[in-house]
Amino acid sequence: MTQATLPQRKSDHIRINLEQDVASRITTGLERVHFVHQAVPELNMHAIDLSTTVFGKQLRAPLLMSCMTGGTEEALAINRNLAAAAQRAGVAMGLGSMRAAVVHPELAYTFQVRDVAPDVLLFANIGAVQLNYGFTVDQCKQAMDIVGADVLALHLNPLQEALQPEGDVNWAGLLSKIERVARSMPVVAKEVGWGISRRAAADLANAGVIGIDVAGAGGTSWSQVEMYRAKTDLQRRVAEAFVDWGIPTADSIRFVREAAPGLPIIASGGLKNGVDGAKCLALGASLFGLARPFLKPATLSADAVLEEVTVLLDQLRVVMLCTGARTIHSLGQVELLTC
């Protein structure tokens with residue numbers, strides 16, 4: 001069986017996410033979290049301040065356009081539309097896995113967005129398991145330099161790798177290698193849709209990461225994506241069993257907060273709107289991130305992406321009015337109901 005090239009795999013991922021139902025069959029857990037409505041908030045909505053500082057960078061709002069793609073011409077257009085919108089909105093952006101840009105320098109241009117987004121908090125992105133397959137600290141630094149990133153996201157996706165025919169499945173001894181990278185550059189550890197446990201959070205904090213993106217279950221299921229990529233019935237049957245796998249996003253935020261107190265948390269994984277984002281901030285996250293809701297708009301234009309951002313931030317602002325929270329910090333202090 002012929003294995004897909006890196007660019008072909010990236011194209012497959014974009015196509016499947018746009019065309020197929022790849023949603024997890026479990027929920028984010030955010031439906032169990034409710035704000036206590038304040039009928040007399042004593043607050044002018046026009047005075048609400050969404051600004052925040054994360055990883056030393058000032059943002060106009062605590063939103064991350066999460067890591068999606070790169071390595072193809074289609075991905076170039078997507079990344080540049082995302083980046084231009086992020087610049088205009090003053091929010092953060094993550095790039096897709098950049099191994100292709102390091103291994104195949106001719107593809108590096110598909111990730112380069114600094115010319116349209118000179119000021120955004122920008123995350124480069126490498127699969128952590130590649131450190132067990134010869135990827136070096138210098139190559140991680142190269143990935144950051146290629147795009148002028150502020151932070152390196154090392155993504156953790158053991159389930160996805162296990163379900164790929166071309167997957168990398170040796171995860172033994174990885175923490176010590178993550179620690180070596182984290183000593184040399186600012187590193188955020190991120191899952192890709194199955195969440196971070198207490199044990200993983202403590203291990204990653206001890207390894208020196210500066211933040212954790214929980215990327216919990218409840219959104220895109222990459223096991224479903226790989227099921228649609230499967231070339232044989234056997235591969236499909238293995239992958240389809242994991243549609244309800246993972247730690248719900250709300251629970252993962254709590255696990256990381258308990259196991260690594262003080263470490264900035266990025267909350268992603270199945271968020272649908274600004275109310276979900278507000279819940280994550282109230283639960284203790286510093287940023288909330290979405291990917292899939294931006295993908296289709298990003299195939300159209302930066303304006304289409306910016307419209308989605310505007311809706312999300314307007315929703316966040318309304319939540320803050322109705323909970324009496326004037327700042328992002330005060331949103332983290334509001335009363336919550338859980339069931």
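I'm trying to understand the selection: among the residues of the range 324-333, which are over 25 Å from the mean Cα position of the chain (by Cα) and within 22 Å of E31 (Cβ to Cβ)?
Within the range 324-333, the subset over 25 Å from the mean Cα position of the chain (by Cα) is 324-326.
Hit for the range 324-333 is A325, nothing else.
The residue that is surrounded by the most Cβ atoms within 10 Å (Cβ to Cβ), counting only those in the range 313-339 that are modelled with pLDDT of 95 or more and assigned to a loop (DSSP other than H, G, I, E, B), is A325.
In this entry, S301 passes the filter for residues that are of a type in the set (S, T, Y), within 27 Å of A84 (Cα to Cα) and either over 14 Å from the mean Cα position of the chain (by Cα) or crowded, with 22+ Cβ neighbours inside 10 Å (or both). Taking G277 as the residue in question, decide whether it is touching a Ser or Thr at 6+ places or on another chain (Cβ under 6 Å), buried (at least 19 other Cβ atoms within 10 Å of the Cβ) and closer than 28 Å to Q38 by Cβ. Spelling it out, it is not the case that G277 is touching a Ser or Thr at 6+ places or on another chain (Cβ under 6 Å), buried (at least 19 other Cβ atoms within 10 Å of the Cβ) and closer than 28 Å to Q38 by Cβ.
Within the range 193-238, being of a type in the set (F, W, Y) and at pLDDT 95 or above holds for one residue alone: W194.
Is there a residue in the range 165-185 that is within 24 Å of H104 (Cβ to Cβ), in contact with a Lys or Arg (Cβ under 9 Å, 6 or more places away or on another chain), modelled with pLDDT of 95 or more and surrounded by fewer than 22 Cβ atoms within 10 Å (Cβ to Cβ)? Yes: one or more hits. The single condition from (1) closer than 30 Å to S11 by Cβ; (2) part of a helix (DSSP H, G or I); (3) touching a residue at least 60 places away in the same chain (Cβ under 8 Å) that C280 fails is (1).
Tell me whether the range 32-41 contains one or more residues that are within 30 Å of Y109 (Cα to Cα), touching a strand residue (DSSP E or B) at 6+ places or on another chain (Cβ under 7 Å) and either modelled with pLDDT of 95 or more or not basic (K, R) (or both). Lay out the reasoning, then the answer.
Going through the range 32-41, the residues within 30 Å of Y109 (Cα to Cα) turn out to be none.
No - not one qualifying residue is present in the range 32-41.
Being surrounded by 18 or more Cβ atoms within 10 Å (Cβ to Cβ) and over 28 Å from R88 (Cβ atoms), is that true of even one residue in the range 231-239? Talk me through it step by step, then tell me what you get.
Keep residues of the range 231-239 that are surrounded by 18 or more Cβ atoms within 10 Å (Cβ to Cβ), which gives 239.
With the extra rule that they be over 28 Å from R88 (Cβ atoms), the set shrinks to 239.
There is at least one residue in the range 231-239 that is surrounded by 18 or more Cβ atoms within 10 Å (Cβ to Cβ) and over 28 Å from R88 (Cβ atoms).
Out of the residues in the range 202-224 that are over 16 Å from the mean Cα position of the chain (by Cα) and part of a helix (DSSP H, G or I), which is surrounded by the fewest Cβ atoms within 10 Å (Cβ to Cβ)? Before the answer, list the steps.
Residues of the range 202-224 that are over 16 Å from the mean Cα position of the chain (by Cα), as a first pass: 202-208, 223-224.
Next, from what is left, pick out any that are part of a helix (DSSP H, G or I): 202-206, 223-224.
Details: A202: 15, D203: 19, L204: 28, A205: 19, N206: 11, S223: 24, Q224: 23.
Filtering the range 202-224 for residues that are over 16 Å from the mean Cα position of the chain (by Cα) and part of a helix (DSSP H, G or I), the one surrounded by the fewest Cβ atoms within 10 Å (Cβ to Cβ) comes out as N206.
Considering only residues that are surrounded by fewer than 17 Cβ atoms within 10 Å (Cβ to Cβ) and in a loop (DSSP other than H, G, I, E, B), which ones fall in the range 133-149? Residues satisfying the conditions are G134, T136, G148.
Taking the stated definitions as given, is G148 within 26 Å of K57 (Cα to Cα), in contact with an Asp or Glu (Cβ under 8 Å, 6 or more places away or on another chain) and either in contact (Cβ under 8 Å) with a residue 12 or more places away in the chain or not basic (K, R) (or both)? Answer is no for this residue. Need the failing condition index for L154 against (1) closer than 18 Å to L107 by Cβ; (2) under 21 Å from the mean Cα position of the chain (by Cα), just the number. All conditions pass for L154, except number (1). Within the range 106-131, the set of residues being surrounded by 16 or more Cβ atoms within 10 Å (Cβ to Cβ), in a helix (DSSP H, G or I) and not hydroxyl-bearing (S, T, Y) comprises L107, A108, F111, A128, V129, Q130, L131.
The values are calculated or read from the model by the stated rules, or taken from the named source; none is laboratory data. Just so we're clear, the structure is a prediction, and the values are computed from it rather than from any experiment. Positions of Cβ are backbone-derived with ideal geometry, glycine not excepted, and every protein chain shown enters the neighbour counts.
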